[in-house]
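So the structure is just underneath, and the comments pick up after that.
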Amino acid sequence: MKQKLNYTQNPRYLESKKVPKSLKKGSEKAPSLFKVEPNNIEFLDYELGGMYLMEIRVRNVSGLSRRARFLPPRSKYFSIANVQFPGSKNLLAPGMCCKCELYFMPDSLADYDDFFSIETDVSNFQVQVAARRPSPNLSVPKAFDCGPCLLGHTL
């Protein structure tokens, strides 16, 4: 009984005691604690006045349960809705993912770039969102026949 017992400590508590400087809130070089699926969030080949939907999953890849909060995009063209966590209180266990729906509502055929943010208890990160249309391929022949025209007049 007088001998000191040496039990191995739960690795979950070992990780939580030592918080490196790179993990502190607001640091720029914080390692990724969450993985966003799909990797490239891009809307392609959209039409004017339509509403487009993409399901996004955010997975906790760290060893601890983490809280996450979604901040919406700044532009009026993108919005986030129906954020579903597997449990309550915005908590994601290791390996679990939450789902959300990203809506895109264009009012022109222009290209759009934006981002939404995910706040966690340790760090914040941004997820880039884009909407692009394929550029038109125009072909103009070298010789262009305009029919008969008067000399000195231009088209």
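The values are calculated or read from the model by the stated rules, or taken from the named source; none is laboratory data. Because the structure is a prediction, the values reported are computed rather than measured. Methodologically, a virtual Cβ is constructed for each residue, glycine included, from the backbone with ideal geometry; neighbour enumeration extends over all protein chains shown. These accessible areas exclude ligands, DNA and RNA; they are computed on the full protein's heavy atoms, side chains included. Shrake-Rupley method; radii C 1.70, N 1.55, O 1.52, S 1.80 Å.
Here are the numbers:
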{"quantity": "Residue identified as touching a helix residue (DSSP H, G or I) at 6+ places or on another chain (Cβ under 7 Å) and either within 24 Å of P136 (Cβ to Cβ) or not small (G, A, S) (or both) among L92, L64, L71, L33", "calculated": "L64"}
{"quantity": "Filter result for S22 (among the polar types (S, T, N, Q), modelled with pLDDT of 90 or more and open to solvent by less than 90 Å² (accessible area, probe 1.4 Å))", "calculated": "no"}
{"quantity": "Within the stretch 93-111, tally of residues that are in contact (Cβ under 8 Å) with a residue 40 or more places away in the chain and either closer than 18 Å to R74 by Cα or hydroxyl-bearing (S, T, Y) (or both)", "calculated": "9"}
